[in-house]
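One structure is given here, and the rest of the page talks about it.
The values are calculated or read from the model by the stated rules, or taken from the named source; none is laboratory data. Keep in mind that what you see is a predicted model, and the values were worked out from it rather than measured. For neighbour counting, all protein chains shown are included, and Cβ atoms are generated from backbone atoms with ideal geometry for every residue, glycine included.
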Amino acid sequence: MPDSHKVRQVEAIANGTVIDHIPSAATMIVVSMLANDDDEVFIGQNLRSARVGRKGVVKIAGRELSDREASSLALIAPGASLSIIRDYKVVAKHVVPVPEVFEDVARCANPNCVTNHEQWPTKFEVVGQQPLRVRCRYCERGFAPGELEPT
Amino acid sequence: MRPVAFAGRNIISIADFGHADLIAVLDAAAALEREPRPRLCDGRLMATLFFEPSTRTRLSFEAAMHKLGGSVIGFSDVASTSAKKGESLADTIRMVEQYADVVVMRHPRDGSARLASEVSRVPIINGGDGSNQHPTQTFIDLYTIAKLFPELRDGTRELTVAFAGDLRYGRTVHSLLAALAHFRCRVLTVAPRGLEMPEQHLAHAREAGVRIDAVPSLTDAIRAADVLYMTRLQEERFPDPLEFGHIKATYRVDAAMLAGANPRLRILHPLPRVNEIATDVDRTPHAHYFAQAGNGIPVRQALLAMVLGKT
């Protein structure tokens, strides 16, 4: 199909950030984690995707997320891609890099972990890449991303 | 891993220590056992913060500090502290570090000692954080094994260490396995179904080159092992009291069972024991658990002196 006839599943934005290839179930979590209350946000959920079957797309208009801001995505939505849009054009696009440590983006799933009992940010160190495995810096338990709930 | 200077260092998790570090602690403990240094920590103050009771660990640390000439303050009953009033752990540490040169803490939450170490300007020694780590017990276990079997250090013979009992929840066996992975060892495991050693601990040791085999009974372990490390079975892990009764009888060593033992065999236990080692074992040459507890003094002296920059 020529580009001119391609129907966008989610409204285009002139400037800002597009997060694509989000596992569908994580779409609203991504919105709550990354979008500010006054951001203009466009959301697509359960969209068809040749790559991942069903996916979510989140577009945040007028704001370019840094890799650091987006790093939590690697834990909540592994494989998601991040595009920076300027004047309707993609000027940068890449899969969200996995940081060495995820700081304060998820609660520890161990109910006896000290971070669930004290006001203290969580830290999860990456101990395996494929599949992604993390380890709580405090209680030293290992987890798959799906076992953790975002903060 | 290169050895790291110990002065000012925290003792939180055995995973923080490499082979050279472990050897440095064993050497320092041996030196203090050979030649006591009653003035080594003159003028230094240790705070013991025991948010949950542990008579053995606290007394052993306090004895160790007194024998180095240092002083001790602390509490062993959380009900009498500000934590009971809702003070955060971080604030308690920020207060105590104003008074003490080193802090030894035991706390019911996993990871509490690591959190404290991120707040504190003085070294934190973990005396047990929930079900996570108890690194000084591991140093004691390792020191005990190295004293009994010098080949652990020189690697001239592969040492066989058997772990028996609750290998799933017992933090001492997880940590000791991690420490042994730095040496030439074979490991045997004997555990009731459902209380086997978690795969993540086994995998880590195997990656380091440790041969690990599960054996069906204590008798098999007794015949083959140089060291039998017994742990306590906790009744609350068994929903069925009948099953607990049966397992308790199976995971019990008595003197009669030791007739076919490897003559070198020594039995260790982090204590307290309940039923898993019959008292008639105490009179056999295989019993070594009380001597192991005694090793707590030189090992904890060594750790205190090292983090205080005195050795």
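Looking only at residues that are free of Cβ contacts under 8 Å to residues at least 40 places away in the same chain and acidic (Asp, Glu) in the stretch B:80-128, which one is nearest to the other protein chains (Cβ to nearest Cβ)? If we take residues in the stretch B:80-128 being free of Cβ contacts under 8 Å to residues at least 40 places away in the same chain and acidic (Asp, Glu), then B:110 is nearest to the other protein chains (Cβ to nearest Cβ).
Every residue, every condition in (1) within 23 Å of residue B:143 (Cα to Cα); (2) small (Gly, Ala, Ser); (3) in the same structural domain as residue B:163 (by TED's automatic domain parsing), yes or no:
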| position | (1), (2), (3) |
| --- | --- |
| B:214 | no, yes, yes |
| B:225 | yes, yes, yes |
| B:246 | no, no, yes |
| B:268 | yes, no, yes |
| B:284 | yes, no, yes |
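The residues on offer are A:52, A:30, and the sole one that is of a type outside the set (Lys, Arg) and closer than 17 Å to residue A:150 by Cα is A:30. Screening the stretch B:129-157 for residues that are assigned to a loop (DSSP other than H, G, I, E, B), touching a residue at least 40 places away in the same chain (Cβ under 8 Å) and not aromatic (Phe, Trp, Tyr) and picking the one that is surrounded by the most Cβ atoms within 10 Å (Cβ to Cβ) gives B:132. Filtering the stretch A:109-148 to residues that are facing another protein chain (nearest Cβ under 8 Å) and part of a loop (DSSP other than H, G, I, E, B) leaves A:110, A:112, A:117, A:118, A:119, A:120, A:137, A:138, A:139, A:140, A:141. Hey, could you check the stretch A:99-108 for residues that are surrounded by fewer than 16 Cβ atoms within 10 Å (Cβ to Cβ) and not in a strand (DSSP E or B) and say which is farthest from the other protein chains (Cβ to nearest Cβ)? Here the residue is A:100. Close contacts from the stretch B:187-206, counting a first residue that is on the phi > 0 side of the Ramachandran plot and modelled with pLDDT under 90 and a second that is of a type in the set (A, V, I, L, M, F, W, C) and not in a helix (DSSP H, G or I), with Cβ to Cβ under 9 Å and a gap of 6+ residues or different chains, come to B:194/B:238.
When the stretch B:111-127 is limited to residues that are out of contact with any helix residue (DSSP H, G or I) (no Cβ under 7 Å at 6 or more places or on another chain) and not charged (D, E, K, R), the one that is surrounded by the most Cβ atoms within 10 Å (Cβ to Cβ) turns out to be B:113. Scanning the stretch B:238-254 for residues that are closer than 16 Å to residue B:274 by Cα and assigned to a helix (DSSP H, G or I) gives B:244, B:245, B:246, B:247, B:248, B:249, B:250. Can you confirm whether the stretch B:62-69 contains a residue that is in contact with a strand residue (DSSP E or B) (Cβ under 6 Å, 6 or more places away or on another chain), without any contact (Cβ under 8 Å) to a residue 40 or more places away in the chain and part of a helix (DSSP H, G or I)? Yes, that holds for at least one residue. Out of B:118, B:97, which single residue is charged (D, E, K, R) and out of contact with any Ser or Thr (no Cβ under 6 Å at 6 or more places or on another chain)? The conditions single out B:118.
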